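The values are calculated or read from the model by the stated rules, or taken from the named source; none is laboratory data. Every value quoted in this text rests on a predicted model; they were computed, and no experiment measured them. Every residue, glycine among them, receives a Cβ derived from its backbone with ideal geometry; neighbour counts consider all protein chains shown.
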Amino acid sequence: MGRPDGGLRRALTAARVAEQNRGRDVVVLDMRELTPIFDYFVVASGTSRRQLHAMSEEIDRALEDELGDRRLGIEGYDESRWILLDYGDVVIHLFESETRKYYALEQLWSHAKKVPLPTEDCR
């Protein structure tokens, strides 16, 4: 397989960093066939406000350091139950577990293809 496109690289990098920061149930959804607004969703859960903040900050740092990308916007950081990081073609959703269940994004976008995440050996 060739090198992934820029959006996919951003999404997979964000997913890796979320997992490294103990994010739970990390999923990357390919949204390209469902909406022209963005290409990928990254969805992850955390267990505390502190963990969600750490995940969002580390994702920002990794995307800037590794790929030279800067976040376009952020929502929910102060409330910390659902943090949304906007990278244009990639939207990253970091949820408290109960908030994730309530909004059920994966069910809402159930027609999106799940992108397989590389195993630790492939990174």
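Only one residue in Leu12, Leu34, Leu63, Leu52 is touching a residue at least 40 places away in the same chain (Cβ under 8 Å) and surrounded by fewer than 20 Cβ atoms within 10 Å (Cβ to Cβ). Which one?
Leu34
Please give the number of the condition Glu106 fails out of (1) closer than 13 Å to Arg10 by Cβ; (2) in contact with a strand residue (DSSP E or B) (Cβ under 9 Å, 6 or more places away or on another chain); (3) of a type in the set (D, E, K, R).
Status for Glu106: all satisfied but (1).
Working only within region 82-117, note down all residues that are in contact (Cβ under 8 Å) with a residue 24 or more places away in the chain, surrounded by 12 or more Cβ atoms within 10 Å (Cβ to Cβ) and either of a type in the set (Asp, Glu) or part of a loop (DSSP other than H, G, I, E, B) (or both).
If the condition is that a residue be in contact (Cβ under 8 Å) with a residue 24 or more places away in the chain, surrounded by 12 or more Cβ atoms within 10 Å (Cβ to Cβ) and either of a type in the set (Asp, Glu) or part of a loop (DSSP other than H, G, I, E, B) (or both), then Tyr87, Gly88, Asp89, Glu96, Glu106, Trp109, Ala112, Val115, Leu117 are the ones that fit.
Going residue by residue through region 78-97, is there one that turns out to be at pLDDT 95 or above and among the hydroxyl-bearing types (Ser, Thr, Tyr)?
Checked region 78-97: at least one residue is at pLDDT 95 or above and among the hydroxyl-bearing types (Ser, Thr, Tyr).
So, of the residues in region 23-46 that are touching a His at 6+ places or on another chain (Cβ under 8 Å) and not in a loop (DSSP other than H, G, I, E, B), which turns out to be farthest from Arg81 (Cα to Cα)?
Step by step, filter region 23-46, then rank; the result is Phe41.
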